[in-house]
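See structure below.
The values are calculated or read from the model by the stated rules, or taken from the named source; none is laboratory data. All values reported here derive from a predicted model rather than from experimental measurement. Every residue, glycine as well, gets a Cβ built from its backbone with ideal geometry; the counts of neighbours run over all protein chains shown.
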């Protein structure tokens, strides 16, 4: 069942074009930043990594309003529950599918974006590492907030407002891991992401159960 | 994937509801509801709008926790309510195949489509279907699930005469095959129900139950 949900979500994302949105977003930021800051290579190299982390964070919010609400509205979750699935299992599948649909595309988009910002090779390498570790945490945050706000009016704006402050630790540790000797920041980033990923299926599952009553 | 119950193939399909009560939004909808259905039996739930017919079906299939009493079912269930649960961009056949894949019945879709005269619409995207066609698609999903217990919420709503006859034939075939059907409807349905009852608000329902109080 988990596999069926993940395959369906990925198919929808690919055929619907949603998978391209984070990529386009990051590329747009990488194109605009040199216009705003001026083409000074030293300045771009110093600020580019943090810019890309901010872009990645905002890009991760793009698909959030389509994450839970359409499937809740169409009765998909109800049908899965009737078939004996647990809310936690469904949410774990949703989490994995959500990450697959924005994490890897984002990592790939950072390669040309880093070239546009003239990031040094070692910074790019640390950026990719910290994004690889941090994006699952962002996915977990997005999933938890999306389940809490599912069914509310104006939920997409609310979800963004709720996720952003909660994502600040990930941003601090993620961007902090870009400098040299950044092992500690990377470990803290990994710890925060791990906690978020571990609790997300349970928190989101409880939110879904409460929302059904 | 087995559903809410086990043992679907040794012929002991059974649905037992004992003393069930349902409360939603602080209001007691119904209480003291008991019935038992064995293989081949059908129940018809009647009553005015908003009395809790849909809530009863959701309670039976585990989507709502009973306020009091219990539901015991042997056999997996399928629920047909007013929500399609099909991907609106996919062709009907492929949208149904998603559920058939989860239910482990990959070949059942074609047959289910044929029994509700939906085969010509197999390649039409779900969002293009009309009201009656959507209702038939929901029923096709239930038929294709291969489960012994069917819970049908207003199954005849929006269907034309020919489609109601098709539905009646499908349900009768299901009952003859040892299935159980619980249908909630305010209009007569084209099959013979073993039990039928009408939901009514309990006499003491005007007093609101305390939020966390013991019943």
**OP:** Mind listing whichever residues of segment A:91-145 are surrounded by fewer than 22 Cβ atoms within 10 Å (Cβ to Cβ) and in a loop (DSSP other than H, G, I, E, B)?
**Re:** A:118, A:120
**OP:** Please work out which residue is surrounded by the fewest Cβ atoms within 10 Å (Cβ to Cβ), limiting yourself to segment B:184-194 and to residues that are touching a strand residue (DSSP E or B) at 6+ places or on another chain (Cβ under 6 Å) and at pLDDT below 85.
**Re:** B:194
**OP:** Would you check if there is a residue in segment A:77-90 being away from chain B (no Cβ under 14 Å) and either part of a helix (DSSP H, G or I) or under 18 Å from residue A:199 (Cβ atoms) (or both)?
**Re:** yes
**OP:** Look at residue A:59 and say whether it is under 24 Å from residue A:168 (Cβ atoms) and in contact (Cβ under 8 Å) with a residue 12 or more places away in the chain.
**Re:** yes
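When segment A:61-76 is examined, which residues are found to be assigned to a helix (DSSP H, G or I) and more than 14 Å from every other protein chain (Cβ to nearest Cβ)?
Passing the criteria: A:61, A:64, A:65.
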**OP:** Report, ordered by the first and then the second residue, all pairs with beta carbons closer than 7 Å, sequence separation of six or more or different chains, a first member in segment A:14-28 that is within 14 Å of another protein chain (Cβ to nearest Cβ), and a second member that is part of a helix (DSSP H, G or I) and surrounded by 14 or more Cβ atoms within 10 Å (Cβ to Cβ).
**Re:** A:18/A:66; A:18/A:101
